[in-house]
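Scroll down for the structure; my scribbles are underneath it.
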Amino acid sequence: MKRNLVRAGVDSIVRMSSTPTNYWVEVGVDLTLCLLLVAEGWRLHTGGPLSAVLAVALGLFAFSFVEYFFHRWMFHTRIPLFAQGHRMHHERPLGYDSLPFFLPGAVLLVLTGLVVLILPTGFALLMMGSVTLGYIAYGLSHFTIHHVRFKHPVLRRWAGAHHVHHYHPDSNFGVTTPLWDVLLGTRYVRQPRDI
């Protein structure tokens, strides 16, 4: 009985997560969180401009790994909430399958609380604001990759790297950057054809 209730709850969250409303509400929630973190971080930041730039750069760098980590080790796993939604995305790449609108913001707030415990508050808030910005860029980039046909060769190559992931799901986990795929050996390399 308890297992059926949990399963029904997960199924209802997954259904809600595949709606355009959930997707765009999440963008709005995340953008609001990003602006609040950056504004409060800037207000509380006691370092100079170089320190603020460092906080933003560290946040974007940290997010690039978080993106890779979640895509590789959480979305391609057996955790129902992550795996089921991501499997739906692989089956319907033009759909609106995403995390429930409340989950990323909640995770980002918890992470912000943890980072504030170990770094100066202003620096930590600026850094986590840029982590949130990285997440927004990831979400919009991923949506754009699947809904826009690029003409520019660089953009086509960037989008193509993610499209390859849909045919080779054990490679190309980075959407916004190939950095971690290159460093961790999961970048797809086309094998020469036998003739």
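The values are calculated or read from the model by the stated rules, or taken from the named source; none is laboratory data. Just so it is clear, the structure is predicted and the values come from calculations on it, not from any experiment. Side chains are part of the model used for accessible areas, which takes the heavy atoms of the whole protein and leaves out ligands, DNA and RNA. Shrake-Rupley method; radii C 1.70, N 1.55, O 1.52, S 1.80 Å.
Carbon-plus-sulfur accessible fraction, the stretch 8-85 (probe radius 1.4 Å, protein heavy atoms only): 76%. Under a Gaussian network description of the chain, with springs only between Cα atoms under 10 Å, the residue in LEU140, LEU60, LEU119 that fluctuates furthest is LEU119.
Its DSSP H runs of at least 4 residues, each contributing -39,500 (n - 2.57), put the calculated 222 nm mean residue ellipticity of the chain at -24000 deg cm²/dmol, to the nearest 500. Between ILE13, ILE118, ILE136, the residue with the greatest mean-square fluctuation in the GNM of the chain (Cα pairs under 10 Å linked by springs) is ILE118. Which residue, PRO169, PRO49, PRO104, has the most motion in a Gaussian network model of the chain that connects Cα atoms within less than 10 Å? Of the options given, PRO49 has the highest mean-square fluctuation.
The alpha-carbon atoms of the stretch 34-81, seen along their principal axes, cover 44, 19, 12 angstrom, with the largest extent given first.
Karplus-based coupling profile of the stretch 131-137, in residue order and whole Hz: 4, 5, 4, x, 5, 4, 4, with θ = phi - 60° in 6.51 cos²θ - 1.76 cosθ + 1.60 and x standing for Gly or Pro.
Which log10 I(q)/I(0) values, to two decimals, does the stretch 121-195 give at q = 0.14, 0.18, 0.21 Å⁻¹ under the Debye formula with one point per Cα? So the normalised log intensities work out to -0.56, -0.82, -0.99.
Extent along the principal axes, Cα only, for the stretch 2-51: 54, 26, 14 Å, with the longest axis given first. With the alpha-carbon atoms of the chain aligned to their principal axes, the span from lowest to highest coordinate is 62, 53, 29 Å, starting with the largest. The phi torsions of the stretch 146-160, fed into the Karplus equation with coefficients 6.51, -1.76 and 1.60 and a -60° offset, translate into couplings of 8, 10, 10, 9, 7, 9, 5, x, 5, 5, 5, 5, 4, 5, x Hz, rounded to whole numbers, with Gly and Pro shown as x. Taken per residue, the accessible surface of the chain reaches 61 Å², heavy atoms only and a 1.4 Å probe.
If you roll a 1.4 Å probe over the stretch 98-195 with all protein chains in place, what percent of the accessible area is carbon or sulfur? Kindly include the intermediate steps, with their values, before the conclusion.
On the way: 3920 of 5830 Å².
Percent of accessible area from carbon and sulfur atoms in the stretch 98-195: 67.
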